[in-house]
Amino acid sequence: RIKDATPHPATPPPPALDALPALLDIETGVETHTAAAEADLRVRVAGFGGQGVLMLGEVLAEAGLDAGLEVSWLPSYGPEMRSGTSNCHIRVSHKPVDSPLVARPNILLALNEPSLEKFLPIVEPGGWVLYNGEHPPSGLAMRTDVHMLAVPCTQLADSLKAPRTANIVMLGALQEA
């Protein structure tokens, strides 16, 4: 029966990202750029359980998928339900992801001080560090070879009367940075 079987037609390749507005008959009014084609993000998100660390990582990974990029998301957390440590590794790249582990992140999203202290030393020089606070904690050995941005995500989320959205505020700060 195999010799009589008709092969399935090959799936056509997806359209290029920059062709999507024209296919959908959308006028963007802005020039398209190739940032997605050059993406190589190695992100570490860290904080306490219950802060939305893993969800923030999932949203980043899903955004990469929606952009047609290669992604990986790897959670890492303790057995505690809430208040335990939690972090995740996110890779977003135009090339296939060789390993889901992020040993040298070029972006660190630290939702609490212990996470900042733990992961700041491994951030790649020239990388970005976003910290959930009004200013970096005093007494912490700061690095001058990374871009440091302190954003009071928890306070901003509280002022919006949505305290559980501090992780999404952090995502907005990352997008702006």
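Summed over the residues of the chain and divided among them, the accessible surface reaches 64 Å² per residue at a probe radius of 1.4 Å. Each residue of segment 134-150 was assigned a 3J(HN,Hα) from its phi angle through the Karplus expression (A = 6.51, B = -1.76, C = 1.60, θ = phi - 60°), giving 6, 7, x, x, 6, x, 8, 5, 7, 10, 9, 9, 10, 7, 10, 9, 9 Hz with x at Gly and Pro. In this view, the solvent-accessible surface of L160, computed with a 1.4 Å probe and all protein chains in place, comes to about 120 Å².
Between amide H atoms placed 1.01 Å from N, distances below 5 Å from A150 occur with Y131, all of them 5 or more places distant or on a separate chain.
GNM on the chain, alpha-carbon springs under 10 angstrom: the most fluctuating residue among A61, A22, A103 is A22.
Distance between the pseudo-spin-label points of E62 and A103 (7 Å out from Cα toward the beta carbon): 3.2 nm.
Rounded to the nearest 5, the antiparallel percentage of DSSP beta bridges internal to the chain is 55%. Surface composition of the chain: carbon and sulfur atoms hold 58% of the protein heavy-atom accessible area at a 1.4 Å probe.
Residue order by solvent-accessible surface for T165, T11, T85, T144 is T144, T11, T85, T165, largest first, with ligands and nucleic acids left out and a 1.4 Å probe. For the chain, the alpha-carbon radius of gyration amounts to 1.25 times the rule-of-thumb value 2.2 N^0.38 Å expected for a compact globular protein. Rounded to the nearest whole Hz, the Karplus-based 3J(HN,Hα) values (6.51 cos²θ - 1.76 cosθ + 1.60, θ = phi - 60°) of segment 114-119 follow the sequence x, 5, 4, 4, 6, 9, with x at glycine and proline. In summary, the convex hull built on the alpha carbon positions of segment 105-177 has an orientation-averaged projected area of 4.6 nm². For M148, the accessible surface of its heavy atoms amounts to roughly 60 Å² (probe 1.4 Å, protein chains only, rounded to the nearest 10).
Dipole size in debye (nearest 20) for segment 37-177 around its Cα centre, Lys and Arg Cβ +1, Asp and Glu Cβ -1?
Working: 10 positive and 15 negative charges, 51 e Å.
Taking the Cα centre of segment 37-177 as origin, the dipole is about 240 debye.
Shown is the FRET efficiency for M55 and I2, computed with R0 = 30 Å from the Cβ-Cβ distance and rounded to the nearest 0.05: 0.05.
Quickly estimate the mean residue ellipticity at 222 nm for the chain, helices only: each DSSP H run with n ≥ 4 gives -39500 (n - 2.57), and the total goes over all residues, rounded to 500.
One gets -6500 deg cm²/dmol as the mean residue ellipticity at 222 nm.
For segment 105-177, which trypsin sites (Lys or Arg not before Pro) pass both filters: DSSP loop (anything but H, G, I, E, B) and at most 13 other C-beta atoms within 10 Å? Can you show the working numbers first?
Values: sites: K118, R143, K161, R164; in loops: R143, K161.
Qualifying residues, ordered by number: K161.
The values are calculated or read from the model by the stated rules, or taken from the named source; none is laboratory data. Worth saying up front: this structure is predicted, and the values here are computed from it rather than measured. Reconstructed Cβ throughout: ideal geometry from the backbone, glycine too, with neighbour counts over all protein chains shown. What goes into the accessible areas is simple: the full protein's heavy atoms, side chains included, and nothing from ligands, DNA or RNA. Shrake-Rupley method; radii C 1.70, N 1.55, O 1.52, S 1.80 Å.
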